[in-house]
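Student: One structure is given below, represented as structure tokens, and several questions about it will come after.
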Amino acid sequence: MALTRMRSAVAAAAVVALLTACGSSDGGGSGGQPVPVADQPVAQFGNGPKDAKVTYQPDVVVVDGGPKAIRSAGSDGLTWTVDGNAQGVGDLQPGKIMLATSRAAGRVVKVEGAGADRVVTLAPVQLSEVIRDGEIEADGPLSTDGLTYQEIPDAPGAVSVPESTQGGADPSATENPSATNEPTEPAEPSTETSETPDGFVVRTPPLRLRTGGTPMPPPTLGALEKTIGDWVVKPFLDKNGLMTNVGLDVGVTPTQGLKLKLGLKLRIENLQRSMRLGFHDGQITQNSKFMIDGLKLMSLSVAAGSANGTSDNKKVKIEVPIELNQQVIAGGFPFVISQKFTFLVTTGLSEKNANMTALGSWTFSGPLGFDGTNVVVPTVTEKDDMLKSLQGVSIGINGIVAAFQYRIMIGMGVPAAAAGPYAKVIVSAGLTNGSDAGMVKCKNVSLTLSAGAGVGTTLNKTVASAIEKVLGRAIGKKDDFPLVTKDLLKYSKSDPDIRGCQV
């Protein structure tokens, strides 16, 4: 009973603190060397189609000039200003699909004049809405040459607030996405007897989005750090020969009583892709394939502390509005290789000056993706056990839930919601560190590591609803191949392994 009361108090404090924080203004991105001016149009807007060996859908309007026809992109990724004299622009009207570049592609919602230019608002589209018939193949190494960091300052639905529920995890984050076409999101592991809140439902804070006027900032060559409310995020990619480390660092602003550092890192060696996308009569054929190979190691680090106890607790879910992008051409069709991160965190620190740390890592062997209708996932072996590394000092019981998602896609479409074949890895960890004042100090770790693949935009409900609110209309067609995930590793462990400590 005492544990339940404490858990409720911790959850309530976290929700109140975070709801207050969500009213603050977002900071801009910082750091990163600017892309040379001559390279900026392609790096930011993508390539135009080049004699694509496919047949487009009849409502597709190709805008000539590629990135040279793009004047600017809006800070939400949905609004594009194009040269009014470019061939094809005169044919743009609501309902048509604009294809100017790999990024300036989508269903036209609105066209407005801006002097000699046109401002076009685009809704996300699926690949099969653009391509009617044909086949696109691309095999071989995936180099990081030309990679840039692109911030989307007003990405719709980037921030949402998880809330505690009595019934466990949010039922809208289904474990069988193919039944509902709902993509799987980073999910909180079950922590029913720990000091962290049980489940969550996503609630979008008041939107402060601009659909035009404010341009998207230019891409950079170096990593960007962005402050979002109380949170600081920094996706990164470091290359050393054939080995690449890609990941996300998360922290809180220095003025907060909560001290938090989370880190997700993936080690990739000699990354290879194998892609074959077939289209027939506006449908992706069953013999299509997308595989990536080269993911070798993933690690998750957690370090948390509180100066004031429960009043410092926070919870948030953020679709990190910074993409790691490379512009490519495959079969004459323009694509962007994008790497993106999502994270969710809930802290349940119960006492002043409480702290806890943990580290887990896992090795991967084999490809990830899909071949036909079969999802292929790598074999995973635990290298560093989070339970063995879990440390902390406090007279109270403390907990934290952290979940990360890494996604790599070869896609096309607006930065807010590109579509294409993708693969993703999701890790969720619920940690509880017992009181130093008790006769027995219990430690608990609930961990789920999963992976999946599909073809589509991968939008979750929060982002989809936010985009629809901006556009004033439904997005439209569901994903071509809905995401299918498989658990690679799942367990709940206690130390000591006795009944009184077991979750």
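Student: If you take the residues in the range 248-258 that are free of Cβ contacts under 8 Å to residues at least 40 places away in the same chain and in a strand (DSSP E or B), which one is nearest to Ala307 (Cα to Cα)?
Tutor: Gly251
Student: In the range 402-434, how many are in contact with a strand residue (DSSP E or B) (Cβ under 8 Å, 6 or more places away or on another chain) and in a loop (DSSP other than H, G, I, E, B)?
Tutor: Of the residues in that region, 5 qualify.
Student: Quick one: which residue in Leu459, Leu447 is in the same structural domain as Asn325 (by TED's automatic domain parsing), at pLDDT below 95 and under 20 Å from the mean Cα position of the chain (by Cα)?
Tutor: Just one listed residue meets the conditions, Leu459.
Student: Considering the range 461-503 alone, what residues qualify as being in a loop (DSSP other than H, G, I, E, B) and crowded, with 21+ Cβ neighbours inside 10 Å?
Tutor: Asp479, Asp480, listed by residue number.
Student: Still on this model: Does the range 229-241 hold any residues that are surrounded by 20 or more Cβ atoms within 10 Å (Cβ to Cβ) and modelled with pLDDT under 95, and which are they?
Tutor: Passing the criteria: Gly229, Asp230.
Student: Quick check: anything in the range 309-329 among the small types (Gly, Ala, Ser) and in contact with a strand residue (DSSP E or B) (Cβ under 6 Å, 6 or more places away or on another chain)?
Tutor: Scanning the range 309-329 turns up no residue that is among the small types (Gly, Ala, Ser) and in contact with a strand residue (DSSP E or B) (Cβ under 6 Å, 6 or more places away or on another chain).
Student: May I pose another question? Scan the range 47-70 and report the pairs whose first residue is in contact (Cβ under 8 Å) with a residue 24 or more places away in the chain and whose second residue is of a type in the set (Asp, Glu), with Cβ atoms within less than 7 Å and a gap of 6+ or a chain change.
Tutor: Every condition considered, the pairs that remain are Val54/Asp133; Thr55/Asp133; Gln57/Glu129; Val61/Asp91; Gly65/Asp83; Ala69/Asp83.
One line per residue, one yes/no per condition, for (1) surrounded by fewer than 22 Cβ atoms within 10 Å (Cβ to Cβ); (2) touching a residue at least 60 places away in the same chain (Cβ under 8 Å):
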{"position": "Met243", "(1), (2)": "yes, no"}
{"position": "Lys261", "(1), (2)": "yes, no"}
{"position": "Asp281", "(1), (2)": "yes, yes"}
{"position": "Asn287", "(1), (2)": "yes, yes"}
{"position": "Thr310", "(1), (2)": "no, yes"}
{"position": "Lys315", "(1), (2)": "no, yes"}
{"position": "Val320", "(1), (2)": "no, yes"}
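Student: Output the residue which, of all residues in the range 218-241 that are assigned to a strand (DSSP E or B) and without any contact (Cβ under 8 Å) to a residue 12 or more places away in the chain, is nearest to Gln339 (Cα to Cα).
Tutor: Looking at residues that are assigned to a strand (DSSP E or B) and without any contact (Cβ under 8 Å) to a residue 12 or more places away in the chain, I get Asp238.
Student: Go through the range 89-193 and tell me which strands (runs of 3 or more DSSP E), entirely inside it, have 3 or more residues that are modelled with pLDDT of 85 or more and within 22 Å of the chain's Cα centre (by Cα).
Tutor: Ranges flagged: 148-151.
Student: Right, next: Based on what the data block shows, is Ala451 touching a strand residue (DSSP E or B) at 6+ places or on another chain (Cβ under 7 Å), buried (at least 20 other Cβ atoms within 10 Å of the Cβ) and within 20 Å of Gln283 (Cα to Cα)?
Tutor: So Ala451 fails the test.
Student: May I pose another question? Can you say whether Pro49 is of a type outside the set (A, V, I, L, M), modelled with pLDDT under 95 and over 28 Å from Asp479 (Cα atoms), as far as the supplied structure shows?
Tutor: Here the answer is no, as Pro49 does not meet what is asked.
The values are calculated or read from the model by the stated rules, or taken from the named source; none is laboratory data. Remember, predicted model here, so these are calculated numbers, not experimental data. Neighbour counts are summed over all protein chains in view; Cβ atoms, including those assigned to glycine, are modelled from backbone coordinates with ideal geometry.
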